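Peer 1: Just dropping this structure here.
The values are calculated or read from the model by the stated rules, or taken from the named source; none is laboratory data. The structure presented is a predicted model; accordingly, all values stated were derived computationally and were not measured. Positions of Cβ are generated from backbone atoms using ideal geometry, with glycine treated the same way; all protein chains shown enter the neighbour counts.
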Amino acid sequence: MAQPRILIVDDEGELTFTLAERLELRGFRARGVTSAAEALDLVQRGEFDVVVMDVKMPGTGGLAALRAIKDIKPRLPVILVTGHGSHENAEEGISLGAFRYLMKPVQIEDLVRLLHEATKGREVSHE
Amino acid sequence: MSDGAPETLHQAELRFFCVVTASLSHQINNVLTIISELNGLSEDLLALGRAGEAPFDRLEGTTARINDNLQRCVEYLRVLNRFAHSADQEKATCDVKELVLLLQATTRRFFDLRKASLVVELPERDVVVLTQPFPLLHLLFRAVWAALSAAEDKGTVRLSLEDLQDRISIRLSTVGSQSVGLPRDPDLQTLILACRTLGAALLPAGEQISFPMQILIPRDIAHSLELEAR
């Protein structure tokens, strides 16, 4: 079975890359980027099965990026990650079509469970 | 910075304190989240080691990354602590250069969020004044905040400090729009109130915040306010 491909988007590069390493150790193919612009470019190319994205980012924030992703790939699951005090933004994200949201600090087991849920029944059709 | 309603100076200073502490605590939380994640990665790598594949290089690298982030966290806490202590004394002799550097550290995140930068030009020698440190920080913050609002995204705000004989000059300029806010802007009213408390002058005087802006701060607040009272 092909490994699900996960795109992690957070302006804190260190967090993004660490999370990607941890997911790789759990059998996912993960890539981290630090801006919504980079994420949208990769989503456009159709290289990912799930997007994990921070709500609060400089420039194009997570909610604006979520809207753009849903325009490009309406069925691509997006898991939002939010810090303390941004709960309302995450709820708004759900109403915009986000798959779920997680509060920071993210527990890796919770994220892995959601990633499995998000990819369950979906055809992960790549090499 | 205000939501449109006029504020008293006390309300404005309280709001300033809250905004800065919220921002710094957010940064500390972010770094702690990274440290937590790196710690999780160390555990993952140790588990691999127990299974027979000991990834010593990666473990070493992860430990170094934890250390770097601990240093970041310590720096944020140092800034937060210095900021909190700026309200200890009503009047004190202080170096404006240090206050400007503290201001730069406390506002960094707001600039990062706009992908903008605050460039600070300081004289070589210390710029010592007798003033009210916390109200002075508040005044500088207000001015820098207005400049950031006026600047374009990814723009630059330039702050230059100059030691004149009896006064200290702080000039603020910004790349982008030259004015911000509405005539009789509530933020401008607060800026004027903050200047008055310190016996400082705001130039240009007008009904709108505009850039370049100059703030002239008396070297000795006690002397300045005494002259003003006569």
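Peer 1: Would it be correct to say that B:F134 is surrounded by 14 or more Cβ atoms within 10 Å (Cβ to Cβ), more than 24 Å from B:L38 (Cα to Cα), more than 14 Å from chain A (Cβ to nearest Cβ) and aromatic (F, W, Y)?
Peer 2: Judged against the criteria, B:F134 is a match.
Peer 1: Hey, could you check the range A:29-76 for residues that are of a type outside the set (A, V, I, L, M) and within 11 Å of the chain's Cα centre (by Cα) and say which is surrounded by the most Cβ atoms within 10 Å (Cβ to Cβ)?
Peer 2: Among them, the one singled out is A:G62.
Peer 1: Exactly one of (1) within 12 Å of chain A (Cβ to nearest Cβ); (2) closer than 23 Å to B:A147 by Cβ is unmet by B:D68. Its number?
Peer 2: Failing condition for B:D68: (2).
Conditions (1) crowded, with 17+ Cβ neighbours inside 10 Å; (2) modelled with pLDDT of 95 or more; (3) not charged (D, E, K, R), marked per residue:
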residue: B:R82; (1), (2), (3): no, yes, no
residue: B:L103; (1), (2), (3): yes, yes, yes
residue: B:A116; (1), (2), (3): yes, no, yes
residue: B:P123; (1), (2), (3): no, yes, yes
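Peer 1: Also: What do you reckon, is A:V112 under 18 Å from A:P4 (Cα atoms), surrounded by 13 or more Cβ atoms within 10 Å (Cβ to Cβ) and at pLDDT 80 or above?
Peer 2: yes
Peer 1: Further, regarding this structure: Pick out the one residue from B:E37, B:E90, B:E13 that is over 19 Å from B:T107 (Cα atoms), away from chain A (no Cβ under 14 Å) and either crowded, with 16+ Cβ neighbours inside 10 Å or touching a residue at least 12 places away in the same chain (Cβ under 8 Å) (or both).
Peer 2: B:E90
Peer 1: Given the criteria within 14 Å of chain A (Cβ to nearest Cβ), out of contact with any Leu (no Cβ under 6 Å at 6 or more places or on another chain) and not aromatic (F, W, Y), does B:K115 qualify?
Peer 2: Taking the combined requirement at face value, the residue satisfies it.
Peer 1: Further, regarding this structure: Going by the structure shown, is A:G83 within 14 Å of chain B (Cβ to nearest Cβ) and in contact with a helix residue (DSSP H, G or I) (Cβ under 7 Å, 6 or more places away or on another chain)? I'd like the intermediate steps shown before the answer.
Peer 2: On the way: within 14 Å of chain B (Cβ to nearest Cβ): yes; in contact with a helix residue (DSSP H, G or I) (Cβ under 7 Å, 6 or more places away or on another chain): yes.
When the stated conditions are applied, A:G83 passes them.
Peer 1: Could you grab me the full set of residues in the range B:165-223 that are at pLDDT below 85 and under 18 Å from B:T131 (Cβ atoms)?
Peer 2: B:Q165, B:I221, B:A222, B:H223
Peer 1: Take the residues in the range A:57-74 that are part of a loop (DSSP other than H, G, I, E, B) and touching a residue at least 40 places away in the same chain (Cβ under 8 Å), then tell me which one is nearest to B:F110 (Cα to Cα). Talk me through it step by step, then tell me what you get.
Peer 2: Filtering the range A:57-74 for residues part of a loop (DSSP other than H, G, I, E, B) gives A:57-61, A:73-74.
Then keep just the ones that are touching a residue at least 40 places away in the same chain (Cβ under 8 Å); that gives A:57-58.
Working: A:M57: 12, A:P58: 9 Å.
Per the criteria, the residue is A:P58.
Peer 1: Report every pair of residues separated by at least 6 positions or lying on different chains whose Cβ atoms are under 9 Å apart, first residue within the range A:14-40 and at the interface with chain B (Cβ under 9 Å from one of its Cβ atoms), second basic (K, R).
Peer 2: A:E14/B:R65; A:L15/A:K104; A:T18/B:R65; A:E21/B:R58
Peer 1: Hey, another quick one. So, of the residues in the range B:43-60 that are within 19 Å of A:L15 (Cα to Cα) and within 10 Å of chain A (Cβ to nearest Cβ), which turns out to be surrounded by the most Cβ atoms within 10 Å (Cβ to Cβ)?
Peer 2: Taking the range B:43-60 as the starting set, the residues that turn out to be within 19 Å of A:L15 (Cα to Cα) are B:43-45, B:58-60.
Subset that is within 10 Å of chain A (Cβ to nearest Cβ): B:43-45, B:58.
Details: B:E43: 13, B:D44: 19, B:L45: 23, B:R58: 16.
Checking each candidate, the answer is B:L45.
Peer 1: How many residues, within the range B:25-59, are touching a Phe, Trp or Tyr at 6+ places or on another chain (Cβ under 6 Å) and at pLDDT 95 or above?
Peer 2: Matching residues across the range B:25-59 total 0.
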